[in-house]
Amino acid sequence: YFGIRKSGKTNSAYTYGLTNFVKQEMEIVNSSLGLEEIIDFLTNITSYVVENDITLKSGETLGYTADQKIKITSSKGHFVDGHSLKLEM
């Protein structure tokens with residue numbers, strides 16, 4: 001499932017359950033984007049990862065277009081236990 005958090009003017013979202021698919025959980029932390037945009041993106045990327053058995057790695061980037069570069073880093077989870085992939089949006 002997806003968790004969402006609002007803190008002042010920033011929004012965050014995270015996955016919970018990707019470890020059941022042998023994937024790292026993902027988090028978007030303190031983004032200035034709206035919750036709907038964050039959840040839409042997180043839904044799309046987690047569906048892509050699970051359906052196509054993709055393993056995202058720290059240091060990579062992803063995006064909908066060739067120009068969009070969302071940085072991926074792995075670090076201690078902010079909202080989840082253990083390490084998670086942070087998507088910088």
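Before moving on, here are some points about what is shown:
- Region 33-62, residues that are among the hydroxyl-bearing types (S, T, Y), under 18 Å from T73 (Cβ atoms) and more than 10 Å from the chain's Cα centre (by Cα): T55, S58, T61
- Verdict on T73 being over 18 Å from G8 (Cα atoms), open to solvent by 30 Å² or more (accessible area, probe 1.4 Å) and touching a strand residue (DSSP E or B) at 6+ places or on another chain (Cβ under 6 Å): yes
- Pairs with Cβ under 7 Å, 6+ apart, first in region 38-61 and under 20 Å from G3 (Cα atoms), second open to solvent by 50 Å² or more (accessible area, probe 1.4 Å): I38/M89; I39/F2; I39/I4; F41/M89; L42/F2; V50/F21
- Across region 12-27, the number of residues qualifying as more than 9 Å from the chain's Cα centre (by Cα) and aromatic (F, W, Y) comes to 2.
- Within region 71-89, being in contact with a Ser or Thr (Cβ under 6 Å, 6 or more places away or on another chain), touching a residue at least 24 places away in the same chain (Cβ under 8 Å) and assigned to a strand (DSSP E or B) holds for S74, H83, L85, K86.
- Residue satisfying all of: in region 58-70; of a type in the set (S, T, N, Q) and assigned to a loop (DSSP other than H, G, I, E, B); surrounded by the fewest Cβ atoms within 10 Å (Cβ to Cβ) among these: T65
- For region 9-57, a residue qualifies if it is in a loop (DSSP other than H, G, I, E, B) and open to solvent by 70 Å² or more (accessible area, probe 1.4 Å), and the qualifying residues are K9, Y16, V22, S32, N52, D53, T55, K57.
The values are calculated or read from the model by the stated rules, or taken from the named source; none is laboratory data. Just so you know, these numbers come straight off a predicted model, no measurement behind them. As a convention, Cβ positions derive from the backbone with ideal geometry for all residues, glycine included, and neighbour counts pool all protein chains shown. Heavy atoms of the whole protein, side chains included, go into the accessibility calculation; ligands, DNA and RNA do not. Shrake-Rupley method; radii C 1.70, N 1.55, O 1.52, S 1.80 Å.
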